[in-house]
Amino acid sequence: MKNLFSTRSSAAPVDAAQAILSGLAPDGGLYTPQSFPQFDLTSLQNLSYQELAIKILTPFLTGYSDSEVRKCVESAYSDKFDTPEVTPVREIGAFPVLELFHGPTAAFKDVALSMLPHLMAAAKKIKDDHHRTLILTATSGDTGSAALYGFKNVEGIDIQVFYPESGISPIQRAQMTTMDGSNLGVAAVCGNFDSAQSQVKGIFSTFPESESVQLSSANSINFGRLAPQIVYYFSAYMDLVRNRSLKLGDKVNFCVPTGNFGDILAGYFAFRSGLPVARFICASNTNRVLTDFLESGTYNRLRDFVVTSSPSMDILISSNLERLLYLSNKCDCSVTASLMEELKTKGSYKISDASMEEIRSLFCGWCSTEEQTLSAISSVFEDHGYLLDPHTAVAWSASSRYQAETGDTTPTIILATASPFKFPRTVLKALGSDPIPQSPSEQMKLLENISGQKAPAFLSNCLNLPDRFSDVIKPEEMMAYVQKKAGLL
Ligand SMILES: *Cc1c(COP(=O)(O)O)cnc(C)c1O
């Protein structure tokens with residue numbers, strides 16, 4: 001079944017296998033379903049994470065056979081996660097916290113990126129595609145290492161990651177620049193994430209046709225990144241039903257620390273597929289472009305870009321919002337196409353009152369200042385002995401103020417998107433450590449001592465490995481860099 005449509009043109013739909021191979025639609029749009037499978041909640045109770053993933057993903061992954069979906073799920077969620085529950089829920093004070101950081105690079109992107117390479121390799125077989133695939137990815141921090149880890153040494157696929165020279169943490173950088181594997185490339189780009197990301201989008205639309213190489217994307221614009229994230233919204237809900245915090249059918253809120261709008265959009269797909277959700281709280285840091293959009297209906301990227309302590313959310317162009325706009329405009333591709341054109345040429349757009357009303361009935365935006373973020377880290381550690389990473393702390397602070405100010409008592413699940421040990425300097429600062437050691441490995445050790453918890457081994461190890469990649473290039477050099485990498489120059 002061909003069920004995925006471009007958000008920007010009325011070209012014929014494609015199946016998920018094709019969408020995952022291509023990444024972006026040829027017109028620059030994002031592949032999106034117009035309708036959603038409906039799951040009977042009763043049938044989802046008491047399943048393991050893997051069984052649940054197979055059940056949820058099978059109808060989304062059109063073009064794949066049932067046994068191919070099963071194989072991809074089993075390869076992704078085997079022993080690479082450090083807990084058999086894959087994405088466990090912990091009750092911390094008033095909030096259930098959905099821990100998404102138990103994968104190999106200690107951030108939530110592992111959940112999707114441990115599966116995407118298998119989906120892509122299977123899609124190449126299904127479509128009888130003998131090109132070499134070159135994955136191009138711009139990262140604001142955590143996508144890079146998770147994608148490199150997922151794709152390393154995968155047959156027939158190479159990967160090139162670009163990260164902004166300033167703004168990511170030393171550990172995030174080391175995770176990428178020390179990664180082993182024969183099919184990997186990593187380069188720093190001058191400027192911020194948005195400029196690297198815009199260049200990558202430009203390369204996709206202007207890359208010369210080639211007999212030998214096909215570009216694809218591991219960013220959350222790829223449908224294969226989104227689909228696996230739908231699963232943990234169901235799994236968190238079922239965990240709360242199992243421990244009797246919820247009755248089957250009760251509504252919940254999810255508070256999602258948001259950058260590119262991918263994670264929270266996967267939650268919306270879960271909602272559209274029958275998950276009882278009252279509200280999605282979209283949590284932003286000081287780069288509050290989404291908060292302003294949800295308040296005013298105007299999306300305006302023309303503002304100063306702020307480097308914060310939650311770098312993976314330092315984003316002014318939230319690509320996946322395009323999919324929500326498409327779905328809330330009755331899948332009218334001409335509306336999305338013109339909004340995206342306005343964003344490109346004018347830097348802003350305003351959506352219609354009708355679609356704003358639809359979006360606001362489900363989504364609200366809350367942002368946290370640096371001070372509020374750090375204070376959430378310290379108070380949660382003081383009150384509950386639990387360490388939040390700065391991204392999760394943005395969401396914690398947003399949820400606390402949301403509950404206090406609205407009086408909404410609906411259970412609110414907070415998505416915890418990274419291990420605190422990935423950002424030890426910020427966490428130590430929040431906890432009032434003084435002095436903070438200079439070296440990231442000393443910082444990690446100090447945090448282990450203070451918290452009595454162990455840092456994930458992969459994180460501490462990468463700091464002792466030699467750098468393999470040291471190129472620093474300008475955004476306008478990226479196209480030539482990629483062509484050379486692809487053997488075309
Ligand atoms: C990527 C990332 C986010 C933002 O997720 P989006 O899907 O881009 O909205 C939040 N927290 C962490 C730790 C991340 O790596």
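Summary table below
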{"quantity": "For P456, net neighbour charge (Lys/Arg +1, Asp/Glu -1) across residues whose Cβ lies under 15 Å away", "calculated": "-2"}
{"quantity": "Shape call, the chain: gyration tensor on alpha carbons, a/c limit 1.5", "calculated": "rounded"}
{"quantity": "The stretch 387-464: relative contact order as a whole-number percent, Cα under 8 Å and 6+ apart", "calculated": "30"}
{"quantity": "The stretch 317-384: C-alpha gyration tensor shape, a/c 1.5 cut-off, then a/b vs b/c", "calculated": "prolate"}
{"quantity": "Centroid-to-centroid separation of the stretch 88-136 and the stretch 213-235 [C-alpha atoms, Å]", "calculated": "7"}
{"quantity": "For the stretch 233-358: rounded, prolate or oblate by the Cα gyration tensor [a/c cutoff 1.5]", "calculated": "oblate"}
{"quantity": "The stretch 124-255, relative contact order in percent, only Cα pairs under 8 angstrom and at least six apart counted", "calculated": "27"}
{"quantity": "Cα-based reach from K55 at 18 Å (exclusive), listing lysines while leaving out same-chain residues under 8 positions away", "calculated": "K71"}
{"quantity": "Per residue value of the accessible surface for the chain (all protein chains in place, 1.4 Å probe), Å²", "calculated": "37"}
{"quantity": "DSSP bridge pairs, the chain: antiparallel proportion in percent, nearest 5", "calculated": "25"}
{"quantity": "Lys, Arg +1 and Asp, Glu -1 on Cβ, resulting dipole of the chain about Cα centre, debye, nearest 20", "calculated": "420"}
{"quantity": "Probe 1.4 Å - accessible area at M478, Å² to nearest ten", "calculated": "0"}
{"quantity": "Most to least accessible of H384, H131 (protein chains only, probe 1.4 Å)", "calculated": "H384, H131"}
{"quantity": "Accessible area of E357 in the full protein assembly, 1.4 Å probe (Å², nearest 10)", "calculated": "130"}
{"quantity": "For a label point 7 Å along the Cα-to-beta-carbon line of A11, residues of the stretch 176-208 with backbone N under 13 Å", "calculated": "204-207"}
{"quantity": "Apportionment of accessible area to carbon and sulfur, the chain, percent (1.4 Å)", "calculated": "50"}
{"quantity": "Accessible surface ranking that places the most exposed of V161, V472 first, with a 1.4 angstrom probe", "calculated": "V472, V161"}
{"quantity": "Most to least packed among 442-448, 385-391, 141-147 [average Cβ atoms within 10 Å]", "calculated": "141-147, 385-391, 442-448"}
{"quantity": "Highest to lowest packing among 320-326, 288-294, scored as the average C-beta count within 10 Å", "calculated": "320-326, 288-294"}
{"quantity": "At R0 = 41 Å, FRET efficiency that the Cβ-Cβ distance of D79 and T206 yields, to 0.05", "calculated": "0.50"}
{"quantity": "Relative contact order (percent, whole number), the chain, Cα cutoff 8 Å, 6+ residue spacing", "calculated": "19"}
{"quantity": "Expected 222 nm ellipticity per residue - DSSP helices of 4 or more, -39500 (n - 2.57), all of the chain, to 500", "calculated": "-13000 deg cm²/dmol"}
{"quantity": "Greater than 22 Å apart at Cα, pairs in K109/K422; K80/K152; K346/K484; K109/K485", "calculated": "K346/K484; K109/K485"}
{"quantity": "Protection proxy ranking of 413-419, 149-155, 428-434 - average other beta-carbon atoms within 10 Å, highest first", "calculated": "413-419, 149-155, 428-434"}
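The values are calculated or read from the model by the stated rules, or taken from the named source; none is laboratory data. These numbers were taken from a predicted model, which means no experiment stands behind them. Ideal geometry is used to build each Cβ from the backbone, glycine not excepted, and the neighbour counts take in all protein chains shown. All accessible areas refer to the heavy atoms of the entire protein, side chains included, with ligands and DNA or RNA removed. Shrake-Rupley method; radii C 1.70, N 1.55, O 1.52, S 1.80 Å.
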